[in-house]
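The structure appears right after this line, and notes come after that.
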Amino acid sequence: MAVNPNIIGIVSDEFTNPNTVTMLNEMTRQLNARGLVTLLLNVDSAENYQRMLQNAASLPLAGLVFLTSLFEDELDTAAKLLPNVTTVHLSQSREVGAEVVIADGFDAGAEMGLLLLSQGHQRFGFMHSQELADPARQMTGLVSSLEAEHKTLNIQLVAGANDREQAYQAMMAYLKKTRAAERINALFCESDVLAFGALQAVRDFGQGAHVAVVGFDDVDEARASTWHLTTWAQRRDLLVNEALNRLLENRADTGNAWQQGELQVRHSHHGKYVPGEMSQCGCAIRH
């Protein structure tokens, strides 16, 4: 007797990342509503990934959702081991031709650029999680706003992973090796996790260093009085719904509502940290 596929595999190597956890919460909520079962595949190596897919081959899988992109050949591997299972990425993919559902980082970058420019910042940087062939769309949008005002992106930093400590080390190294007069005034980070690390580095470095730091994701911690992080909030509910529609029904929304988000304006874009300073309510600019 044939078993109707009712399991969705969720693949990631970042289940401790706050944005991944929030996305996972939304994903499982919607899968539950559709009467589907969630299977978590916590990957830490290519060998582990292959072994997990081999073990999952005997299960009635209806699809795989990648919350992070893991390896250059992750889809080729999945196609070989699970030839009848469709896939979708809720992150940028390393492979050409992947089904990708992500927020429009270009718009986020452009809006963030306008906000930073409005604060009078003159020198700008962008921090990547990893060095990829294609630049992050957030950075492309930021550059478009800067160029419209005859400004340039002065520095690109690479943390090496979407990791707070590595972002801290990358920012601290930059501050130590760069003369005060040549340092950036504002840094846009590819994620909130990177922004937390960069902000802490600025604070620990001291010596009168003032760098505005902004992020992307709007995880819960961004609202905390520790950070008052100005960031971009994705519509995770719409992103997950779009991903599942493509995965399970082969149906794509030709509109772009699911790609939009909200600029969450708090305090960190000003660039000056005052210990113990209390935050006003962050306001949202809708697009």
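Points to keep in mind about this one:
- Probe 1.4 Å, protein heavy atoms only - accessible area per residue of the chain in square angstrom: 48 Å²
- Convex hull volume per residue for the stretch 1-44, taking Cα atoms only, in Å³: 57 Å³
- Computed from point charges on the beta carbon alone (+1 for Lys and Arg, -1 for Asp and Glu), the dipole magnitude for the stretch 72-134 about its Cα centre is near 220 Debye.
- Each Lys and Arg contributes +1 and each Asp and Glu -1, all at the Cβ; summed about the Cα centre of the stretch 1-131, the dipole is approximately 400 debye.
- Candidates GLY63, ALA222, LEU53 compared by Cα position along the dipole of the chain: farthest toward the positive end lies ALA222, with charges placed on Cβ.
- Whole-percent carbon and sulfur share, accessible surface of the stretch 1-156, 1.4 Å: 49 percent
- Gyration tensor analysis over the Cα atoms of the chain returns equivalent ellipsoid semi-axes of 37, 19, 17 Å (largest first, whole Å).
- Projected onto planes of every orientation and averaged, the convex hull of the alpha-carbon atoms in the stretch 131-274 covers 10.3 nm².
- Values of log10 I(q)/I(0), in the order q = 0.18, 0.19, 0.23 Å⁻¹, for the stretch 114-216 under a Debye, Cα-only, solvent-free model: -0.79, -0.88, -1.28
- For the stretch 103-159, the Kirkwood radius over C-alpha pairs fed into Stokes-Einstein at 25 °C and 0.890 mPa s yields D = 217 µm² per second.
- Spatially, the stretch 30-90 and the stretch 151-211 are offset by 35 Å when compared through their Cα centroids.
- Fraction of antiparallel bridges per DSSP, the chain only, in percent to nearest 5: 20 percent
- Ordering MET127, ALA161, ALA181 by the projection of their Cα atoms onto the charge dipole of the chain, which places +1 on the Cβ of Lys and Arg and -1 on the Cβ of Asp and Glu, puts ALA181 at the extreme positive end.
- Cβ-Cβ FRET estimate between ASP44 and ASN4, R0 fixed at 41 Å, reported to 0.05: 0.85
- All Cα-Cα separations within the stretch 40-187 were binned at 10 Å from zero, giving a P(r) of 10, 31, 28, 18, 11, 3, 0, each value a whole percent of the pairs.
- Between HIS89, ALA136, ASN32, the Cα set farthest toward the positive side of the dipole of the chain (charges on each charged residue's Cβ, about the Cα centre) is that of ALA136.
- Sorting the segments 72-82, 122-132, 209-219 by their mean number of nearby beta carbons within 10 angstrom, highest to lowest, gives 209-219, 122-132, 72-82.
- Helix-only CD estimate at 222 nm, as mean residue ellipticity for the chain, using -39500 (n - 2.57) per DSSP H run (n ≥ 4): -11500 deg cm²/dmol
- The rule of thumb for compact globular proteins, 2.2 N^0.38 Å, goes into the C-alpha radius of gyration of the stretch 1-115 1.15 times.
- Using Cβ point charges alone (K and R +1, D and E -1), the dipole size of the chain about the Cα centre works out to roughly 620 debye.
- Rg followed by Dmax, in Å, when the stretch 173-243 is reduced to its Cα trace: 14.5, 48
- Lys-Lys pairs in the chain that are eight or more residues apart or on separate chains and whose Cα atoms lie under 24 Å of each other come to 4.
- Calculated SAXS-style log₁₀ I(q)/I(0) at q = 0.13, 0.17, 0.20, 0.30 Å⁻¹ - the stretch 213-270, Debye, Cα scatterers: -0.43, -0.61, -0.72, -1.13
The values are calculated or read from the model by the stated rules, or taken from the named source; none is laboratory data. Fair warning: this is a prediction, and the values are worked out from it, not measured in the lab. Every residue, glycine among them, receives a Cβ derived from its backbone with ideal geometry; neighbour counts consider all protein chains shown. Heads up: the accessible areas ignore ligands, DNA and RNA and are worked out on the full protein's heavy atoms, side chains in. Shrake-Rupley method; radii C 1.70, N 1.55, O 1.52, S 1.80 Å.
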